[in-house]
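Some notes on the structure that comes next.
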Amino acid sequence: MVQPAFSAIAYVTHARSLGWDVVVASHEAEGRKVAESVRSAATEMITTDTNSGDVLESAVVRSHQRNAIHAVVAGGEYYVPAAARLSARLGLSGLAGTAVDKVRHKARMREAVAAAGLDVPRFTVVREPAELDAACAYVGFPAVVKPVDSGGSVHVSRVDSLEEARRALSAIHAEQGLEFDRPLTADAMVEQYMAGTEYSADGYAGNGEVTVVAVTRKLLGPEPRFLELGHLTPAPLDEVVRHELASYAVDVVKAVGITTGPFHCEMRLSEGRPVLIEVAARLPGGKITELMEMATGTRLPGMVLAGITGADPESAAVYGEPVAKAAGIRFFTAGGAGSYARLEGWDELMAEPWVVGGHVLIEPDAPIKTDEADYSCRIAAVVFTAESPEEAHDRWSEIGDRVRVVTT
């Protein structure tokens, strides 16, 4: 595991539950430290610079020489290239380098998908503000401006004028914060805004096949940002539309060359047809893997590990029993306040039998980003079950009504 974080921690948990050895490579300094649960579960910790390809490779090869490694898994979006390179170096099953280039660069991703004859928004890449006039004239308004290589909705915004586009690009260029000690590139993409409901299709590829395990509805905060405030699995959809979304996602995965491992394909259903938002070669975030397991019984982290190691899925404990017909998660924010005092109604909600668990992500009185722009603004989450996808949507709304974020 290279720098495991967020949903990828499930790989560690699942592998250790099978009695497998887990070697974790982590920088263990600055913005790259693994959770204590990962550190304590790991069979071996390799402390090395995970952002330096050559340094990381040397450290992992030394570990491999001591005790053979049978698979390499990325611990998140930014370590997909490293995991692919290490897999190739050790002669293991992994993502091809050509696919890495497409899934980690949003413009090349769209080029590949468009070349396969699939719908994508109009788009172009800009680096300098002087290039925005032509870019916006080509794409039209409304448009979306985003970095070409970020994740988690960081600096993704809708723009309705050239002035707004200039401000969005300026914010990307001015960003001083680092994700896993990695700065944003100067390149940004301007793309056509696609109105419509957002979904993700999540699954895995292997043995020449692409399998969608579930289609999830994504509930977003107010524009011009695209902060994810909830997920519902399975999405409340007509079966014909669900099949269309899943089929489109399979074609996208094939177009970018994901032949091994997980995928997370985000789409909008715009004017009745699926249109690509983006596709990633990693597990989905926002606890979607847990929602999928509750609703389908399939443990996606286990399926990925079985696929890349050649293990039998049954012996790798991939399949379990669903515990609900639908599952969901509701995220809370402080509504743009710089901190909050308490969550009113939280304890009463936690007593409901259909609430699986509540998670406080940012403690009361701690500082919070006020722009409500990306996942780092979410202060709490509630995971829940329901008897149908439609009931899950109703419960998502009910949770929002029952919990009040007190900011004074």
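The values are calculated or read from the model by the stated rules, or taken from the named source; none is laboratory data. Everything numeric in this text was worked out from a predicted model, so none of it was measured. Note that we place each Cβ from the backbone using ideal geometry, even for glycine, and neighbour counts take in every protein chain shown. For the accessible areas, the whole protein counts, side chains as well, though only heavy atoms, and no ligand, DNA or RNA atoms are used. Shrake-Rupley method; radii C 1.70, N 1.55, O 1.52, S 1.80 Å.
Quick look at the numbers
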read-out: Estimated distance in nm for a label pair at THR98 and ALA134, the labels positioned 7 Å out from Cα along Cα-to-Cβ; value: 3.0
read-out: Nitroxide proxy distance, nm - points 7 Å out along Cα→Cβ at THR309 and LYS369; value: 3.5
read-out: Accessible surface, per residue, of the stretch 110-173 when the full set of protein chains is kept, probe 1.4 Å, Å²; value: 43
read-out: Probe 1.4 Å, all protein chains present, accessible-area order of ARG39, ARG225, largest first; value: ARG39, ARG225
read-out: Residue-level accessible surface for TYR319, protein heavy atoms, 1.4 Å, Å²; value: 110
read-out: Listed residue (ALA59, ALA74, VAL24) projecting farthest to the positive dipole end of the chain, Cβ model; value: ALA59
read-out: Helix-only CD estimate at 222 nm, as mean residue ellipticity for the chain, using -39500 (n - 2.57) per DSSP H run (n ≥ 4); value: -9500 deg cm²/dmol
read-out: Efficiency of FRET from Cβ geometry, HIS243 and ARG127, R₀ 56 Å, rounded to 0.05; value: 0.90
read-out: Lysine pairs meeting the criterion (Cα under 30 Å, 8 or more apart or interchain), as found in the chain; value: 27
read-out: Listed residues THR211, THR370, THR289, most fluctuating in the chain (Gaussian network, C-alpha, under 10 Å); value: THR370
read-out: Candidates VAL360, VAL212, VAL80: whichever shows maximal mean-square fluctuation once the chain is modelled as a Gaussian network with Cα springs under 10 Å; value: VAL360
read-out: Heavy-atom accessible area ranking, 1.4 Å probe, most first, across SER17, SER26; value: SER17, SER26
read-out: Computed E for GLU175/GLU30 - FRET, C-beta separation, R0 22 angstrom, nearest 0.05; value: 0.85
read-out: Contact order normalised by residue count of the stretch 145-264, Cα under 8 Å, 6+ apart, percent; value: 24
read-out: Accessible area in square angstrom per residue, the stretch 226-269, 1.4 angstrom probe; value: 31
read-out: Max mean-square fluctuation residue, GNM over the chain, Cα-Cα springs under 10 Å, options GLU77, GLU30, GLU179; value: GLU30
read-out: Accessible carbon and sulfur surface of the chain relative to its total accessible area, %, 1.4 Å; value: 49
read-out: Residue-wise HN-Hα coupling along the stretch 253-270, computed from phi with Karplus coefficients 6.51, -1.76, 1.60 (Hz; x: Gly, Pro); value: 4, 5, 5, 8, x, 6, 10, 9, x, x, 8, 9, 10, 9, 9, 10, 8, 10
